Amino acid sequence: MTVLPDEGIPPAAPFPEAGREQWRQLVAGVLRKSGEEVSGAEAEAALATALDGGVAVQPLYTAEDTAPDPGLPGFPPYVRGSALLGGWDVRARLDFADPAAANAAVLDDLENGATSLWLAARGPALPPGGLAGALDGVLLDLAPVVLDAGPDTASAARELIGLYESRGVDPAAVRGCLGADPLGHAARAGGEPAHEDAVTLARLVHRRYPGVRALAVDVLPYHEAGASEVQELGASLATGVAYLRMLTGAGLDVEAALGQLEFRYAATADQFLTTAKLRAARSLWARVARACGAPAAAGQRQHAVTSTVMATRRDPYVNLLRTTLAAFAAGTGGADAVTVLPFDTAIGAPDAFSRRIARNTSTILLEESHLGRVADPAGGSWYVERLTAELARAGWAFFQELEAAGGQERALASGLLGERIAGTWAERRRRLATRREPVTGVSEFPDLAEQPVRRDPAPVRPTGPGGLPRVRRDEDYEALRARSDAHRAATGARPKVFLAALGPAAAHTARVSFAANTFQAGGVEPVHAPVSVDAGGAAAAFAASGAQVACLCSTDALYAEQGPAVVAALRAAGARWIYLAARPDTLPGLDGYVFLGCDAVAALTLVLDRTGVAA
């Protein structure tokens with residue numbers, strides 16, 4: 001072995017081992033510079049990120065962070081997936097009112113990468129009676145069909161089964177799900193859940209179509225109302241258990257009842273959280289199956305759908321990145337089927353281009369990235385295993401809360417579940433308003449000059465009094481931007497803010513950029529001074545801007561030195577409202593402040609109100 005002559009250290013010698021305490025000391029040193037005096041475990045805890053439901057993401061995971069044994073891929077408790085290899089079923093979503101248009105999209109999907117179909121078959125989407133036309137030319141023994149028919153489930157299911165029979169399809173070859181979900185429909189539209197049809201369909205397919213599942217445990221209504229991952233897990237367990245009770249009460253044995261359920265979860269761009277949620281869901285359902293005395297039927301069949309809550313209407317092409325991350329997370333999390341919703345779903349009816357890109361997202365992940373060739377790629381990660389275990393623990397606790405309230409149906413009817421979800425969404429909405437949870441292209445780096453993407457209206461989704469609301473991350477900023485758009489249409493211009501940059505570029509650039517992004521998130525157009533201004537140049541530059549609002553941007557030191565004089569000059573020039581890109585205690589007495597962590601939605605709403613932009 002060669003030895004370095006000056007140090008005498010063999011090149012292959014190991015580096016000195018760094019312990020957790022040494023890392024904590026370094027963290028404490030960094031935090032001390034920001035004025036926070038902590039040490040040891042407190043320093044580590046200061047960097048933790050709290051999630052909804054009592055789960056926290058730690059800044060460091062090591063072999064000390066133990067989790068229950070996840071088992072092996074394809075074996076109980078199925079944390080690591082229900083199958084060994086092979087990737088996932090690429091499931092295309094189809095939501096058309098016209099059977100001919102639906103059929104064209106169906107054939108296009110199946111010929112270009114989709115391996116199963118998820119059909120909306122409810123008014124005013126594809127009406128009952130339109131399935132035959134929509135599925136014309138489809139080989140039903142090769143392409144599994146999953147229904148989303150809401151209150152029309154019984155008639156749509158009968159029509160689909162009639163197609164199997166009229167076309168002579170071998171019952172043993174049929175795969176899919178009839179989508180009966182009385183509790184999910186009640187969550188969306190309110191009213192009493194109709195269990196009888198679900199029981200009838202379960203008996204029928206159990207007797208004749210062994211590869212078809214009658215019921216869907218659809219968690220999307222709760223996710224789309226703002227539920228956390230923990231609440232999604234708890235609601236899925238409570239719904240699944242309610243259906244087990246219903247089916248076994250109707251005469252099916254436990255194993256047969258377990259085989260009638262397919263679970264549907266949302267996949268978001270939070271990669272690790274989505275992966276851990278799907279892994280936790282399988283472990284929890286295996287626990288339920290063991291408790292019911294049917295461990296052999298404990299595998300949970302999962303259908304993951306990219307989240308509509310995360311999809312934005314502004315800068316919609318960014319949704320391509322979000323759905324790619326979500327599909328990746330769903331695949332690595334072990335979902336059996338994945339639906340990538342087109343990037344323009346939030347705007348209206350997706351066009352052929354957006355549908356093709358959605359299909360190709362899964363194709364690239366499977367055929368070019370080879371994700372299906374690796375079993376549980378996240379397995380063994382201290383972070384993922386610990387996060388999976390903590391989500392499972394918190395999800396089980398929420399499930400127990402719902403059971404203690406009388407089960408899922410009573411928790412819905414009493415408003416308990418809705419209240420819990422509303423509380424979670426209110427907290428998340430605060431994080432969005434303060435931009436602690438950024439939305440790229442909306443609350444961060446918006447583009448007021450973007451050309452809107454136009455789409456035909458999408459079919460109206462079922463709602464009703466007493467149903468859970470539908471929320472989106474962009475909704476508060478979208479309302480502000482819509483006000484600005486209407487004002488521009490009526491007057492020819494958006495509301496403006498003059499950015500008064502003080503001092504050299506090194507002093508003001510960061511806060512000018514921050515302020516410009518903040519105001520644009522509410523549809524307020526920033527007008528920059530041609531050069532940095534002082535009290536002498538501020539008045540002329542503001543008068544030429546056409547704005548009613550001004551915002552000072554610079555360092556705290558220059559605010560103290562030049563701020564009062566510049567404020568006086570701006571007021572003399574007609575500035576009705578003056579803002580500061582800093583906290584209020586930096587230069588008190590102004591009309592508003594924008595800073596990191598401020599309530600941007602409240603501040604921007606006030607700007608629009610002050611400048612006469614109609615609500």
How long is the gain from residue 609 to residue 26 if the chain were fully straight, where each residue apart is worth 0.36 nm and the alpha carbon distance is subtracted? 205.1 nm
Simple spin-label estimate for residue 200/residue 100, 7 Å along Cα→Cβ, in nm, reads 3.3 nm
If one compares the long axis through the Cα atoms of helix 505-521 with the longest principal axis of the Cα atoms of the chain, the angle in degrees, nearest 10, works out at 40 degrees
Ordering of 349-361, 295-307 by burial proxy (mean other Cβ atoms within 10 Å per residue, highest first): 295-307, 349-361
What distance in nm separates the two pseudo spin-label positions at residue 63 and residue 397, each 7 Å out from Cα along the beta-carbon direction? 3.0 nm
Which of the following values of log10 I(q)/I(0) by the Debye sum over Cα atoms at q = 0.07, 0.08, 0.12 Å⁻¹ was calculated from the structure shown: [x] -0.43, -0.55, -1.18; [y] -0.53, -0.68, -1.21; [z] -0.50, -0.65, -1.34? [y]
Approximate spin-label separation residue 321-residue 449, in nm, with each point projected 7 Å along Cα-to-Cβ: 2.0 nm
Using only the alpha-carbon atoms, how far is helix 416-433 inclined from the longest principal axis of the chain? Give it as 0 to 90 degrees, nearest 10. 30 degrees
Extended-chain gain in nm, criterion 0.36 nm per residue less alpha-carbon gap, residue 436 and residue 165: 92.1 nm
Checking the a/c ratio against 1.5 first, then a/b against b/c, what shape does the Cα gyration tensor give for the stretch 476-610? prolate
Starting from the Cα of residue 463, move 7 Å in the Cα-to-Cβ direction to define the label point; list residues of the stretch 178-217 whose amide nitrogen is under 19 Å from there. 184-192
If one compares the long axis through the Cα atoms of helix 99-111 with the longest principal axis of the Cα atoms of the chain, the angle in degrees, nearest 10, works out at 90 degrees
Can you work out the PRE-style zone for residue 375? Point 7 Å along Cα to Cβ, and I want the residues of the stretch 47-76 with backbone N under 12 Å. 71-76
FRET efficiency for residue 565 and residue 290, using Cβ-Cβ distance with R0 set to 60 Å, rounded to 0.05: 0.20
Whole-Hz couplings from phi, Karplus 6.51/-1.76/1.60, listed for the stretch 328-338; x for Gly and Pro: 4, 5, 5, x, 5, x, x, 4, 6, 9, 10
FRET efficiency estimate (nearest 0.05) - Cβ-Cβ, residue 364 to residue 254, R0 41 angstrom: 0.50
Mean-position separation - Cα centroids, the stretch 431-474 and the stretch 490-523, in angstrom: 24 Å
Can you give the helix-only mean residue ellipticity at 222 nm for the chain, where every DSSP H stretch with n ≥ 4 adds -39500 (n - 2.57) and the sum goes over all residues, rounded to the nearest 500 deg cm²/dmol? -14000 deg cm²/dmol
Using a Förster distance of 22 Å, the FRET efficiency for residue 557-residue 531 (Cβ separation, nearest 0.05): 0.65
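A short reminder: the numbers here are calculations on the coordinates, not readings from a lab. All values derive from a computational prediction rather than experimental measurement. All Cβ positions, glycine included, derive from the backbone under ideal geometry; neighbour counts span all protein chains shown.
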